[in-house]
Amino acid sequence: MSVSRRGFLGFTAAALAPIHQAATREVPEPGAEVADRTLYLGTYGDAIGIATYDDAGKITATGSIAGIPNASFVIRSGNFLYAVNEQDAGAVTAIDISGTPRVLNRQPTKGSGPCHLAKIGNYLLSANYGSGDVAVHPIAADGSLGQQTDLVKHEGPAPHAHQIVQSGEFVLAVDLGTDTIYTYTLADGKLALQHQAKVKTGAGPRHLVFHPSGNYAYVADELDSTVTVCGYDDGVLTVLESIPVAEGENYPGEVVVSADGRFVYVTNRGHNSVAIFSTDGPHLELVGIPNCGGDWPRHCAFDPSGRLLFVANQKSNNIATFSVDQATGALTRTSDFSTPTPVCVNV
């Protein structure tokens, strides 16, 4: 049985470098130039798309990297690109992008359906959705991947590891099937469990993002269409509140936070919108819910300036670009780019 999530319509349940990604993205001064305008587009297929964008966010295709099956999540680290291969026999692929892109190597995750990656120090960690475990691979100096050093399975009747996130010395793994966020430490290629945080049963936590202060985290809950607000301190998450993100049948996809920490954005698959919340850290208030510009908004990402938001609409085969009003958090759609089954935009 395939574990691919490409046609997911919902299921019943029985994510050492800088401290937080969001906290390290600085808002440039008005008029500041963004040095690199390359996008790498994760998709279900046999290639990673390559594109560029202009000041207004208009995207232009420039090529592709062939031979990367089901690269549903892609991350970049300097001259290297890493992609999951979301298949029953899961794998991760390393790519050199310093010149003409070339595949360095591929390693099995020894799990099924890898769907998310994080580079932590000299290791690549992947979340295996189908088998509910987290794999660890060392990264060599040339960017290639070594043999796996650890594979940690989450306990429960139906674990589905969905995201890996670093917080200082800690590694957080979000598991949709167990409604749990696991906190690990990583040393010598091995993960050691430190804490567990349980969200509401049946919520289905999918992705987590930290507030720039590092004191709070926001979790997009795929199965009950909510976002859970958590306090955070030294590896420990504490659930504070859970807020609905949209009406009707809906499955949140991605959650991101503005660099100044004033706004949280959640993509809504089903409702086909982007929920915009203002926040003071521990509380969220819905201030807008514009259309996503397509069907099934699986992923979204800010450009480095924070003035553009790219939304990947999986079922309508397009990426919608929105300009971001950094004073109000409002989104205005500015352009549209057609591409097959976009499920990840790496900026």
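The values are calculated or read from the model by the stated rules, or taken from the named source; none is laboratory data. As the structure is a prediction and not an experimental result, all values here were calculated from the model. Note: ideal-geometry Cβ built from the backbone for every residue, glycine included; neighbour counts use all protein chains shown. The protein model used for the area step is the full one, side chains on, heavy atoms only, and it has no ligands, DNA or RNA in it. Shrake-Rupley method; radii C 1.70, N 1.55, O 1.52, S 1.80 Å.
A compact table of results
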quantity	calculated
Which listed residue is closer than 30 Å to ASN317 by Cβ and touching a strand residue (DSSP E or B) at 6+ places or on another chain (Cβ under 7 Å), from VAL134, VAL74, VAL171, VAL152	VAL74
Matching residues in the stretch 197-246 - criterion: being assigned to a strand (DSSP E or B) and among the charged types (D, E, K, R)	LYS198, ARG206, ASP221, ASP233, GLU241
Residues satisfying the stated conditions in the stretch 197-236, i.e. over 23 Å from GLU155 (Cα atoms), of a type in the set (S, T, N, Q) and open to solvent by 30 Å² or more (accessible area, probe 1.4 Å)	SER213, ASN215
Qualifying positions in the stretch 137-164 - under 22 Å from HIS195 (Cβ atoms), surrounded by fewer than 23 Cβ atoms within 10 Å (Cβ to Cβ) and hydrophobic (A, V, I, L, M, F, W, C)	LEU151, VAL152, ALA158
Flag if LEU309 is in a strand (DSSP E or B), closer than 24 Å to TYR216 by Cα and open to solvent by 30 Å² or more (accessible area, probe 1.4 Å)	no
Positions within the stretch 312-338 being in a strand (DSSP E or B), closer than 20 Å to THR43 by Cβ and open to solvent by less than 20 Å² (accessible area, probe 1.4 Å), in sequence order	ALA312, ASN313, ASN318, ILE319, ALA320, THR321
Residues located in the stretch 78-94, provided they are farther than 23 Å from ASP133 by Cβ and open to solvent by 30 Å² or more (accessible area, probe 1.4 Å)	GLY78, ASN79, PHE80
Residue match in the stretch 110-129 (condition: open to solvent by 10 Å² or more (accessible area, probe 1.4 Å), more than 21 Å from the chain's Cα centre (by Cα) and farther than 14 Å from VAL174 by Cα)	yes
Count of the stretch 178-196 residues which are in a strand (DSSP E or B) and open to solvent by 20 Å² or more (accessible area, probe 1.4 Å)	10
Residue in the stretch 186-209 that is more than 29 Å from GLY270 (Cα to Cα) and under 18 Å from the mean Cα position of the chain (by Cα) present	no
Check on GLY99, buried (at least 18 other Cβ atoms within 10 Å of the Cβ) and modelled with pLDDT of 95 or more	no
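Here's the yes/no breakdown for (1) acidic (Asp, Glu); (2) outside any strand (DSSP E or B); (3) over 20 Å from ASN85 (Cβ atoms):
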site	(1), (2), (3)
GLY111	no, yes, no
CYS115	no, no, no
SER131	no, yes, no
LEU172	no, no, yes
